[in-house]
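Notes follow once the structure below has been shown.
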Amino acid sequence: MRKYLIISFLLVLIGALAYNLFYKKQNLKTENNENYLFSIRDRETEITVYGVKKSLDVGLNKIFIKSNKNIKEVYFYMPPMPGMGEMREDAQLKKTGDDIYEATVNISMAGGWQVIFVLDDKKLSYNLNIPFYPDGEKQAQNNSLQLDTQKKEYIGLEVADVGYKELTESFNVVGYVSYDLSKAKVITLRSDGWVLDTFERFEGEEIKKGAPLLKILNPDLEIAKEELKLAKSLNREDLERAVLEKLKYLGKGEVVVSPVSGVITKKAVYDGGFVKSGEVAYEIVDTSTLWIVAEIPYIYLSSVKKNMEVLILSVGSEDSITGKIDYIFPQGDKESKTFKARIKLVNPKNLKINQLVDVLIEKPLGKVLAVPESAVIDTGDKQIVFLEISEGNYIPKKVKIGKCVQGYCQVLDGLKEGDKVVVEGNFLLDSEAQIRNIY
């Protein structure tokens, strides 16, 4: 009997050992920290992920998941980026034991992914960077990033040549239509008088040269007229000539007319009023020419010069007018952070005073060394491009950039004609370079 008991005990022991070995094999070293990848924890849930290798790579990956909560689904998600839509890779999930899962996932490209765990009552996520290179893969010298044809296709990588291009800087600013103040005329009287009539003139009225402005009763004029009559009655030619000169000085009559064609911008006399000698009765501006006053932000101060050609566009109209900057005002506006530039135009007749206009200013930069604007990554303290040093090998290169216009950036330093730079997919290269502390 004892013999059978011993045999039974040994069989049970062997079975337990076999089950334990099988269980450990299924879990594939889940307790081995060398294959630990990451963990997610909250108050109720703890998920730990292990891998066959020390990291996940582009391509097919096998992972093992230990979770105290039931996992319904696992997938990898990459948010959309410039020039590329969102991506999702679903993992093939299988439960292999108590709280243990096995999953395979094909990661199609390198970059930043979110690993999403779908539980019964919620979702948990973990941000993960997938490198371009499998764990342990040898890197090229000088810290370059190496991509084979398949990887380049995954990220949509494209390169372009650095070369010389004719570039023109252009920018739009707001302007407004103003009178040409150099053509303003002031109407004053040489003697006091009573205003008999202003001919219903009003501010803003357009008038022609010679149009009557006011009828004046001048006390001195009336006296001079009486003196003229007296001189004629006495046949005193010398006295008559003197009185005529006086009449000429006083205005030779009672009606004051406009000396120019233009617009009445100021009227200071009214019917029945009294006007003194030297006081302004009217202000009239010749409107044969107009000013466009452009309000230009300070950032363009170095780009705006006298005699530059500009294009003026009426707001709400397709009509355009070409002009030249003829004056830059010396004083800026500290509130709006703008300065003023003036464009003098022959009156096109389709513009109104104080009307808003768009002013397009263009400054040729000449033939300059340039790269596509999409090639430049601004990190805040420096500007980087990815230079192709050979087929499939790329290095980050610090550059000095000037103006960026027409989809290109002027290169001041760091590149030469004929260099090849990455113009698509460079943000993923940048992410990889930062992960590997290449710069």
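Nothing in this text is a laboratory measurement; each read-out follows from the coordinates by a stated rule. Since this is a predicted model, take the numbers as computed values, not measurements. Neighbour counts are summed over all protein chains in view; Cβ atoms, including those assigned to glycine, are modelled from backbone coordinates with ideal geometry.
Brief remarks follow.
- Long-range amide H partners of residue 269 with built H, under 5 Å: none
- Per residue convex hull volume, Cα atoms of segment 31-125, in Å³: 102 Å³
- Long-range tail of P(r) for the chain (Cα pairs > 28 Å, %): 72 percent
- Ordering 263, 359, 346 by the number of other Cβ atoms within 10 Å of each residue's own Cβ, fewest first, gives 346, 263, 359.
- When the C-alpha to C-alpha distance is required to be over 18 Å, the pairs from 94/151; 165/305; 62/152; 337/382; 306/340; 72/123 that qualify are 94/151; 165/305; 62/152; 337/382.
- Computed from phi, the 3J(HN,Hα) profile of segment 361-368 under the Karplus parametrisation 6.51, -1.76, 1.60 (θ = phi - 60°) reads 10, 10, 10, x, 8, x, 8, 10 Hz, with x in place of Gly and Pro.
- Principal-axis tilt of helix 219-233 within the chain, Cα atoms, nearest 10 degrees: 30 degrees
- Theoretical FRET efficiency, 1/(1+(r/R0)^6), r = Cβ-Cβ of residue 239 and residue 317, R0 60 Å, to 0.05: 0.40
- Long-range amide H partners of residue 185 with built H, under 5 Å: 284, 285, 286
- Counting only residues at least eight positions apart within a chain, or on another chain, the aspartates and glutamates with an alpha carbon under 12 Å from that of residue 398 are 378, 381, 413.
- Rounded Å value of the spacing that divides the Cα centres of segment 339-367 and segment 268-326: 11 Å
- Gaussian network model of the chain, Cα within-10 Å springs - most flexible of 299, 130, 377: 299
- Shown here are the Rg and Dmax of the Cα trace of segment 187-279, at 15.4, 50 Å.
- Residue-wise HN-Hα couplings along segment 202-208, as the Karplus relation 6.51 cos²θ - 1.76 cosθ + 1.60 with θ = phi - 60° gives them from phi, are 8, 5, x, 6, 8, 10, 9 Hz; Gly and Pro carry x.
- Straight-line cross-link reach from residue 232 at under 20 Å between alpha-carbon atoms covers these lysines, not counting any fewer than eight positions away in the same chain: 246, 248, 252.
- Between residue 184 and residue 148, the simple spin-label model (points 7 angstrom out along Cα→Cβ) gives 7.9 nm.
- In this rough spin-label picture, where each label sits 7 Å from Cα along the Cβ direction, the residue 68-residue 164 distance is 7.0 nm.
- The helix-only estimate of mean residue ellipticity at 222 nm for the chain, built from DSSP H runs of length n ≥ 4 each weighted as -39500 (n - 2.57), is -5500 deg cm²/dmol after division by the residue total.
- C-alpha long axis of helix 2-27 to longest principal axis of the chain, angle in °: 20 degrees
- Taking the longest Cα principal axis of the chain as reference, the axis of helix 426-435 is set at about 50 degrees.
- If the chain linking residue 121 and residue 305 were pulled fully straight, counting 0.36 nm for each residue of separation and taking away their Cα-Cα distance, it would gain 59.6 nm.
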